[in-house]
Amino acid sequence: MPTLEPHREPREGRKKEKRDATPYLPTRITLPSMRAAVQGCRGCDLYKNATQAVFGEGAAKAACVFVGEQPGNEEDKEGKPFVGPAGRILDKGLADAGIARELVYITNAVKHFKHEMRGARRLHRSPNVGELNACRPWLEQELKVTKPKVIVCMGTTAARSVLGRKITLRDVRGQVIDSLYADKTVVTTHPSSILRSPDDESRRRNYEAFVADLKIVAGVLE
Ligand code: URA
Ligand code: SF4
């Protein structure tokens, strides 16, 4: 039985100390033990307003890990990554690029849904760099366990967490770059940004560019 006890005491009350997810990692690191332990994470304040943490899902020895930003409204309720509108774009993109689902593990840079209330609606807010850093231990361990051949960062927030620096999409898009966690890392757009395209024509173009990036990934996986 994996123990769910944190292997280090959370350092409460020491305000200057940087908080992060490290004290909440299970002693024995496996995907199932982390998936259970993440529900108790207090590494930043985002757990306070979310329904639950959303951990990654998919192939345990993944050829390819897709990293998004954070769970959205539907993911927060269901407890699974990419099950809402962005997930439907991702599913279609994988199919159109010819990447088999059995090869893929899907996760997010941040595990709790950050949002603000607008009337009855929960509006997505992007995580800040402190929250990205706080949550990185989970992502780091997911990448160490799954050992992907390729990491795909969907959007600049995911890229910032994986690469540890701010990037501009047009500077890195289409390239296969090196990162700490895999020899091959590809940065593409976030599926939600395709959904936010202002008109049908730009939506079509943005989706085509997304699939073109995924075809680069498919080529590397062959
Ligand atoms: N957007 C993300 O970045 N991740 C999800 O899981 C869903 C939407
Ligand atoms: Fe922990 Fe990440 Fe949730 Fe913050 S967002 S409480 S670091 S799991």
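Before moving on, here are some points about what is shown:
- Considering segment 97-122, and only residues there that are loosely packed, with under 15 Cβ neighbours inside 10 Å and in contact (Cβ under 8 Å) with a residue 40 or more places away in the chain, the residue that is farthest from VAL54 (Cα to Cα) turns out to be GLY98.
- Count - residues of segment 27-39 that are within 9 Å of ligand 2 (Cβ to nearest atom) and either in contact with a Phe, Trp or Tyr (Cβ under 7 Å, 6 or more places away or on another chain) or of a type in the set (Ser, Thr, Tyr) (or both): 1
- Selection over segment 164-204 of residues that are in a helix (DSSP H, G or I) and crowded, with 20+ Cβ neighbours inside 10 Å gives a count of 2.
- Within segment 40-79, if we keep just the residues that are among the charged types (D, E, K, R), more than 9 Å from ligand 2 (Cβ to nearest atom) and in a helix (DSSP H, G or I), the residue that is surrounded by the most Cβ atoms within 10 Å (Cβ to Cβ) turns out to be GLU75.
- ARG125 surrounded by fewer than 15 Cβ atoms within 10 Å (Cβ to Cβ), in contact with an Asp or Glu (Cβ under 9 Å, 6 or more places away or on another chain), under 24 Å from THR51 (Cβ atoms) and not polar (S, T, N, Q): yes
- Here ILE99 meets each of (1) outside any loop (DSSP other than H, G, I, E, B); (2) away from ligand 2 (no atom under 16 Å from the Cβ); (3) not charged (D, E, K, R) with one exception, condition (1).
- Screening ARG203, ARG136 for residues that are modelled with pLDDT of 95 or more and closer than 24 Å to LYS111 by Cα leaves exactly one candidate, ARG136.
- If you filter segment 139-163 down to residues that are in a helix (DSSP H, G or I), touching a residue at least 40 places away in the same chain (Cβ under 8 Å) and away from ligand 1 (no atom under 16 Å from the Cβ), you find that the one that is surrounded by the fewest Cβ atoms within 10 Å (Cβ to Cβ) is LYS144.
- Check on ARG136, charged (D, E, K, R), surrounded by fewer than 23 Cβ atoms within 10 Å (Cβ to Cβ), touching a residue at least 12 places away in the same chain (Cβ under 8 Å) and under 20 Å from ARG19 (Cα atoms): yes
The values are calculated or read from the model by the stated rules, or taken from the named source; none is laboratory data. Since the structure is predicted, the reported quantities are computational estimates derived from the model, not experimental observations. Positions of Cβ are backbone-derived with ideal geometry, glycine not excepted, and every protein chain shown enters the neighbour counts.
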